[in-house]
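A.B. asks: Dumping the structure here so I can ask a few things about it.
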Amino acid sequence: MADISTKTVHEIFQTMDYGSSSTNTLTAQSWLEKHSRTLGFFVDGKFSSPADRQTQDVTDSKAALVCSTVCAKDEDVGSAVSSAARGFKTWRELSCYQRAKVLLKLVSVLQRHSQCLSELCELSQSSTSPTVLIRLAQYYASWAQLRDTLMPEWTPHGVVVVSDDCSVYFLMLKVLPALSMGNAVIVVPGKTTTLPALLLAQLFMEAGIPAGVLNVVTGSEASLAAKLAQNPQVNYLTYCGCKQTGEAVAKAVAGWGVPMSFSLSQSSVCPFIIFDSADLDSAVDGVIELAFKKKRDFQWVLCVQESVLDSVVARLKLRMAGMKCVSLVTETDRNLIDVVVQEAQQQGATLIQSSPPPSTGGLYPPTVLCGLAPSCESVISPPPGPVLPLISFRSSAEGVTLGNHSPHGQAASIWTEDLTLALESAKSLCLGSVWVNCHSVMDPALPICGRRESGNCTDGGREGLYQFLRPSLSPSLPRSSPSSINYAAFGSVASKFMIPEGFDPSSVPRFYPQLVSGQLRKADSGCSRSVLAPGGAVLAHCPDGGRKDVRNAVEAAAKVQPGWMKKSPATRSQSIYSLADSLDKRRRDMAVSIQTQTGISFEEAEKEVELSISRLSDWAARCDKEQGGTPFPPQSGSALSTPEALGVLGVILPSSKPLLSLVSLLGAAVAMGNAVVMVPSEKYPLPALEFIQVCYNFLNKTKQLN
């Protein structure tokens with residue numbers, strides 16, 4: 001490449017040649033040398049590197065060794081949790097102002113060490129600017145100041161485990177709100193976030209955070225996060241990364257009684273939709289900026305309306321001509337890209353490439369795969385690197401359908417100059433975030449949430465703070481150990497209830513059915529289980545549901561939920577009010593059921609029924625009160641946040657307050673437009689079984705009115 005410093009401005013604009021980029025990492029190298037290029041854990045406010053530990057290498061984009069990190073053992077997990085528990089006691093005793101003061105000081109510390117942090121991010125292939133982290137610290141310092149003022153009825157969980165394998169930005173988007181709300185944090189970083197996470201822990205100490213409040217433990221991400229969560233002193237686990245690791249963490253932690261949340265953004269596939277009413281030049285500029293970066297937060301699929309397809313392709317060819325090859329995160333990605341491109345060509349795809357790909361190495365040219373079908377593997381699961389699948393659609397409605405085609409639901413970027421089309425499309429896309437005529441607008445004030453396989457939690461904004469809080473009046477959940485379950489035989493073997501010969505049929509306890517799709521049904525297996533009184537007497541028999549019953553219930557809920565969500569808040573409110581009225585008419589029967597099942601006094605049972613009716617009415621009143629808001633974006637433009645239903649919720653009811661817990665969870669879910677599959681308490685199912693009859697009568701009455 002010619003020396004750009006010898007060219008005139010006119011020549012530079014004629015060739016659009018790249019200037020030389022700075023690859024100086026002296027500051028980061030000096031920091032690594034201070035630690036002998038072997039980094040241990042950051043626990044209790046200091047680095048520690050125990051002997052006799054396995055290590056794992058950290059490499060750069062050229063597979064060159066940067067340093068090695070220590071892998072934690074069980075005793076290291078225990079010491080990290082103990083340190084965090086001690087740190088939490090100190091941190092929560094500080095006032096909101098004192099915690100905010102620490103985070104504000106962190107801002108100036110980050111500014112002083114921004115060069116080292118930037119270089120470490122470059123070495124570990126984590127594309128995060130220190131400027132973005134400074135903005136995060138400023139934003140959450142203000143929330144630390146205002147927690148008791150704006151959230152007086154909430155309290156921190158305690159010890160929170162944050163596991164992340166995306167980027168430093170997404171890591172700190174969980175760490176900083178957790179700290180600002182008064183929690184202690186144990187970070188389990190991924191390969192690309194290990195070095196920046198260890199430096200940031202050191203910078204937090206320089207800012208004045210008490211020892212033990214922030215700890216970093218390195219090792220195998222999934223197994224280490226699971227071991228930490230299984231410790232009884234850990235109160236919450238949140239993970240951000242790919243779906244495969246998230247599933248491994250969830251399976252390992254299931255049954256231990258630890259609340260969990262997941263942001264599976266790394267494996268999310270997002271649509272980039274260009275309608276025929278778009279400014280095509282701006283849209284293509286957005287594609288070039290977004291799709292061919294070395295490190296992308298999401299995978300993208302380009303969707304173009306057929307009437308402008310040729311124009312978009314022509315602009316892509318013009319813009320991509322002469323573009324340099326992009327460095328791959330790992331050289332092993334090259335083999336995967338070659339396989340995907342060859343398979344796409346065999347399926348009829350045509351290529352747009354800036355240059356022929358090198359025969360070997362960790363570089364690949366920007367590539368667009370044109371003419372693909374939505375069912376192609378490269379569309380469903382795009383490869384890593386600068387490869388962009390392109391599919392076309394005929395109408396605007398079909399474009400929205402393609403946008404919802406993926407099982408993921410993280411984000412979308414839509415391009416149109418038609419305001420009505422933009423608003424209707426944004427509302428119709430079942431995604432967490434929709435950017436109009438822009439992309440990747442990230443700011444801590446803007447909530448980010450996933451739908452479907454992209455996760456179950458919200459990060460950023462006020463909404464993202466609640467995952468690190470619990471109601472002050474709600475006690476901490478008791479910890480449990482997972483029971484042994486043979487999932488292969490679950491629901492397939494059970495003993496049928498048999499009436500002995502000569503037994504008086506009139507003395508047989510009542511059999512309660514289950515409610516699926518508005519109908520009273522027996523279990524598919526035909527099996528039942530006994531409902532016992534506190535003294536051991538058989539009160540009734542209920543269905544012993546299995547895998548097929550669960551599948552039928554989920555299918556029924558998934559079928560009806562979209563229609564229920566589309567009903568107006570006023571309609572949902574009226575339905576819940578009517579359900580509360582139906583429960584009120586059977587208040588005595590419900591009270592008797594609670595008394596018989598749990599053994600409490602009739603007066604206490606009546607109070608629970610009364611409170612349950614009131615709770616249903618509360619949720620009916622809230623249906624049209626959740627209005628969303630207009631958060632301030634970090635740049636010019638406007639942002640709109642609207643509450644949406646999650647979809648189908650699975651709820652396992654507790655044994656305490658069996659009726660009140662049922663209506664509290666049911667009312668909250670259906671008021672917001674969700675459908676629910678509920679499993680009654682195994683110990684006290686009778687109140688839920690009686691409530692089924694209330695629901696069945698209510699549904700029949702509604703059908704008759706219609």
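The values are calculated or read from the model by the stated rules, or taken from the named source; none is laboratory data. Computed from a prediction, not measured in an experiment: that's the story for all the values here. Positions of Cβ are backbone-derived with ideal geometry, glycine not excepted, and every protein chain shown enters the neighbour counts. SASA here: full protein model, heavy atoms, side chains in, ligands and nucleic acids out. Shrake-Rupley method; radii C 1.70, N 1.55, O 1.52, S 1.80 Å.
A.B. asks: Using a 7 Å offset from the Cα along the Cα-to-Cβ direction at both K522 and E610, what is the distance between the two label points in nm, to one decimal?
C.D. replies: Once both label points are built, they end up 4.1 nm from each other.
A.B. asks: Then there is this: Rounded to the nearest 0.05, what FRET efficiency is calculated for M205 and R510 with R0 set to 56 Å and r the Cβ-Cβ distance?
C.D. replies: With R0 = 56 Å, the Cβ-Cβ based efficiency is 0.30.
A.B. asks: For the range 150-265, rounded, prolate or oblate, judged on the Cα gyration tensor with a ≥ b ≥ c (square roots of eigenvalues), a/c < 1.5 rounded, else prolate if a/b > b/c?
C.D. replies: oblate
A.B. asks: Can you spot the aspartates and glutamates whose alpha carbon is less than 12 Å from K46's alpha carbon? Ignore those fewer than 8 places along the same chain.
C.D. replies: E206
A.B. asks: I've got another one for you. Given (1) 2.16; (2) 1.12; (3) 1.07, which label gives Cα Rg over 2.2 N^0.38 Å as computed from the coordinates?
C.D. replies: Computing Cα Rg over 2.2 N^0.38 Å and matching it to (1) 2.16; (2) 1.12; (3) 1.07 gives (3).
A.B. asks: Using a ≥ b ≥ c from the Cα gyration tensor of the range 79-235 (square roots of the eigenvalues), is it rounded, prolate or oblate, where a/c under 1.5 gives rounded and otherwise the larger of a/b and b/c decides, a/b for prolate?
C.D. replies: oblate
A.B. asks: Per residue, what accessible area does the range 512-609 have, given a 1.4 Å probe and all protein chains present, in Å²?
C.D. replies: So the range 512-609 comes to 54 Å² accessible per residue, rounded to a whole number.
A.B. asks: Can I ask one more? Per residue, how much accessible area does the range 92-171 show when a 1.4 Å probe rolls over the protein heavy atoms, in square angstrom?
C.D. replies: The answer is 41 Å² per residue.
A.B. asks: Per residue of the range 671-682, in order, report the coupling 6.51 cos²θ - 1.76 cosθ + 1.60 (Karplus, θ = phi - 60°) as ³J(HN,Hα) in whole Hz, putting x for Gly and Pro.
C.D. replies: Values per residue, Gly and Pro as x: 5, 8, x, 8, 10, 10, 10, 10, 10, x, 4, 5 Hz.
A.B. asks: Could you give the length gained on full extension between L473 and K427, defined as 0.36 nm per residue of separation minus the Cα-Cα distance, in nm?
C.D. replies: Taking 0.36 nm per residue and subtracting the Cα distance, the gain is 13.0 nm.
A.B. asks: Could you point to the residue in V538, S617, V436 farthest towards the positive end of the chain's charge dipole, with +1 and -1 charges on the Cβ of Lys/Arg and Asp/Glu respectively?
C.D. replies: V538
A.B. asks: Spelling out what I want: for every residue of the range 179-184, take phi, set θ = phi - 60°, compute 6.51 cos²θ - 1.76 cosθ + 1.60 (Karplus), and round to whole Hz; glycine and proline get x.
C.D. replies: Each residue's phi maps through the Karplus curve to give 5, 5, 8, x, 8, 9 Hz.
A.B. asks: With the crude spin-label approximation of a point 7 Å out along Cα→Cβ, what separation in nm comes out for N24 versus Y696?
C.D. replies: 7.9
A.B. asks: Can you order the peptides 657-670, 459-472 by their average number of other Cβ atoms within 10 Å per residue, highest first?
C.D. replies: For the peptides 657-670, 459-472, the packing ranking is 657-670, 459-472.
A.B. asks: Can you list residues from other chains, or at least 5 along the same chain, whose modelled amide H is less than 5 Å from the amide H of D164?
C.D. replies: V188, G190, C240
A.B. asks: Aspartates and glutamates within cross-link reach of K243: Cα-Cα under 19 Å, excluding same-chain residues under 8 positions apart?
C.D. replies: Result set, ordered by chain and number: D164, D165, E221, D297, D333, E377, E453, D459.
A.B. asks: How much of the accessible area of the chain, in percent, comes from carbon and sulfur atoms when a 1.4 Å probe is used?
C.D. replies: Result for the chain: 54 percent of the exposed heavy-atom area is carbon or sulfur.
A.B. asks: Still on this structure: Could you rank the peptides 107-116, 402-411, 194-203 by their average count of other C-beta atoms within 10 Å per residue, with the highest value first?
C.D. replies: So the order, starting with the most tightly packed, is 194-203, 402-411, 107-116.
A.B. asks: Amide H of F262: which non-local residues (sequence gap of 5 or more, or other chain) have their own amide H closer than 5 Å, using H built in the peptide plane?
C.D. replies: Y239, N456, C457
A.B. asks: Could you calculate the FRET efficiency of I288 with T38 from 1/(1 + (r/R0)^6), where r is the beta carbon distance between them and R0 is 41 Å, rounded to 0.05?
C.D. replies: 0.50
A.B. asks: How high is the relative contact order of the chain, given as a whole-number percent (alpha carbon pairs under 8 Å, six or more residues apart)?
C.D. replies: Once divided by the residue count of the chain, the mean separation gives 10 percent.
A.B. asks: Mind checking the range 112-211 for GluC sites (Glu not before Pro) that DSSP puts in a loop (not H, G, I, E or B) and that have at most 15 other Cβ atoms within 10 Å?
C.D. replies: E153
A.B. asks: By its C-alpha gyration tensor, with a ≥ b ≥ c as the square roots of the eigenvalues, how is the range 396-459 shaped: rounded for a/c under 1.5, else prolate for a/b larger than b/c, else oblate?
C.D. replies: oblate
A.B. asks: Just the number please: accessible area per residue for the range 269-314, 1.4 Å probe, all protein chains included, in Å².
C.D. replies: Computed with neighbouring chains in place, this is 32 Å² per residue.
A.B. asks: May I pose another question? In terms of the ratio Rg/(2.2 N^0.38 Å) built on C-alpha atoms, what value belongs to the range 332-447?
C.D. replies: After normalising by residue count via 2.2 N^0.38 Å, the value is 1.21.
A.B. asks: Aspartates and glutamates within cross-link reach of K522: Cα-Cα under 14 Å, excluding same-chain residues under 8 positions apart?
C.D. replies: Straight-line reach from K522, under 14 Å: D544, D549.
A.B. asks: When you count, for each residue, the other Cβ atoms within 10 Å and take the mean per peptide, how do 95-101, 31-37 rank with the highest first?
C.D. replies: With the highest mean Cβ count within 10 Å placed first, the list reads 95-101, 31-37.
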